[in-house]
């Protein structure tokens, strides 16, 4: 316990978190686990569970909580390095290593290729769909993030189709494999982003960007084109929460209730319930959006929908509980609450992987000390140096 406190603490947390488990998915409308859908995790994902789970948890952070978590852990790791015994140079090196570790994890979260969970559903008539995603054509899209890259990203996670909704630019490419990409666009108008689903044609955005009444006329224009207009997060809640009845009167077809972008993840659960109370009686579509821009390898939400159906019950929004919790948690405690929620959300196989890695690393570190050797390669490369002649037994 004295020599390996980190291993003991992690093991204890893994056991305790299993007493208050979180499901893999929640229905964002009902708040209950879906009965006919779940996540499957590839073998490599499970094998590397401590890393893949950590990178997932860093992906599902609201912007304020991400900033707080990174800052807190950078300071904590730097202090850990500085306050441990050793020369000044050694302590500075440890502090720099701690800060560098956090910077590496941030970069890995954004860009490191890795295995990801995949949604599977028992409903063979349903389509797993994303309503809102981007390519490099968007001004804030990842450079060289092509439509083919976007299709591969979706396919790896169980999507069968996705709308491509670049900012103010119609998607005209034809992509059928590995999934079908559908034409759409995200119009930026007065303090609001509106996702227009195919068919969509060009508009004069200036005429809808003067004020709120002008913006609301966009929904009628989209209907004239034969398109659906979905109000995007976080704009309608940040800027127009007092105008939502006017959105309905103007003809909005639906609202995003989950958005995986850092700003969208800050959407609180009470606000989601308010939107559901508005959308249900008016038979409006509610959707989830990966809002993928090429950064991050994993989504927080999937839509399971039936082609041809419309309205409130046409689409099921299944989301990761860790993502849904972001809007209800303060930023200051993210360094503690995010790891705790991550551990609560582990599946049995992931938990076994964590415990196995803890055991292997602990044995690796402990073996040299049991033999009185200095720190080194331990059980993976034992010393084979010959004994000195004077150490040989007499006779």
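The values are calculated or read from the model by the stated rules, or taken from the named source; none is laboratory data. Quick caveat: nothing in here was measured; it's all calculated off a predicted structure. Virtual Cβ from ideal backbone geometry, glycine too; neighbours counted across all protein chains shown.
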Members of the range 175-200 found to be at pLDDT 95 or above, over 20 Å from residue 304 (Cβ atoms) and surrounded by fewer than 20 Cβ atoms within 10 Å (Cβ to Cβ), listed by number: 175, 176, 177, 183, 188, 190, 191
Please enumerate the residues belonging to the range 332-367 that are part of a loop (DSSP other than H, G, I, E, B) and either under 22 Å from residue 28 (Cβ atoms) or modelled with pLDDT under 95 (or both). 345, 346, 347
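Can you tell me how many residues within the range 307-325 are closer than 15 Å to residue 233 by Cβ and part of a loop (DSSP other than H, G, I, E, B)?
Looking only at that region, the number is 0.
For the range 20-134, please list each of the helices (runs of 4 or more DSSP H) lying entirely inside it that holds at least 3 residues being in contact (Cβ under 8 Å) with a residue 40 or more places away in the chain and surrounded by 18 or more Cβ atoms within 10 Å (Cβ to Cβ).
In the range 20-134, 49-59, 63-83 are the helices (runs of 4 or more DSSP H) which contain 3 or more residues that are in contact (Cβ under 8 Å) with a residue 40 or more places away in the chain and surrounded by 18 or more Cβ atoms within 10 Å (Cβ to Cβ).
Scan the strands (runs of 3 or more DSSP E) fully inside the range 222-306 and keep the ones with 3 or more residues being touching a residue at least 12 places away in the same chain (Cβ under 8 Å) and surrounded by fewer than 21 Cβ atoms within 10 Å (Cβ to Cβ).
none
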